[in-house]
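The values are calculated or read from the model by the stated rules, or taken from the named source; none is laboratory data. Everything quoted here is computed from the prediction, not taken from an experiment. Cβ placement follows ideal geometry from the backbone for every residue including glycine, while neighbour counts extend to all protein chains displayed.
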Amino acid sequence: MVLDRGLIDRADRSKGHFRIFLLTALERFVKDTALRQKAAKRTPGEGMPPVPLEDLPELASDRGHVTPDRLFTYTWATTLLDEVLAKVEADCAHDGLGTHWEVFKARVLRPILEDAELIPVEDLCAQLKISNPSVAYNMVITVKRRFRAAILEALARQVRSPDQVEDELCSLLEALAGAG
């Protein structure tokens, strides 16, 4: 197993992002495993039966398939996004802004994440007992600000210096955009 090799203990923050360190370690592990399997093929009867790399389409990056590093980066991005959304939702609930969250979810999240039809703001106001559409729009803006702050805070925990946060945000957006 990768983690049994003391991988975490060898991580050095001064050499870059932990995510990149982990990705490099996993790539090396996959290559090492493939080499061992190839060697086992030359010496039949030892170890597990080999699996030809051609049978692993996720490793065939030149054929247009998803590569392990792109899959890893996408998984990182979606996990971070899920964590941030859960935090913002919990913070809204804690601060008495549950209706704000519901408006944000209906007007922003569901149309993006679920490809749901956008509910007319007037219908949403009637459903959630909001006095007028301007109030609903302001609720969305409030939660968007909280969301942006939470994303930046989460990214700041993953970099060595504050000036790297914007680059990390670009990486996050690229990973999510690359998913189609």
Per the filter on the stretch 130-157, residues within 16 Å of residue 108 (Cβ to Cβ), touching a Leu at 6+ places or on another chain (Cβ under 9 Å) and in a helix (DSSP H, G or I) are 133, 136, 139, 142, 143, 146, 147, 150, 151
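Here is a yes/no grid of residues against (1) in contact with a helix residue (DSSP H, G or I) (Cβ under 6 Å, 6 or more places away or on another chain); (2) more than 30 Å from residue 125 (Cα to Cα); (3) at pLDDT 70 or above:
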position	(1), (2), (3)
33	no, yes, yes
46	yes, yes, no
54	no, yes, no
57	no, yes, no
81	no, no, yes
84	yes, no, yes
92	yes, no, yes
97	no, no, yes
So for the stretch 145-162 (the condition being within 15 Å of the chain's Cα centre (by Cα), modelled with pLDDT under 90 and surrounded by 12 or more Cβ atoms within 10 Å (Cβ to Cβ)), does at least one residue qualify? yes
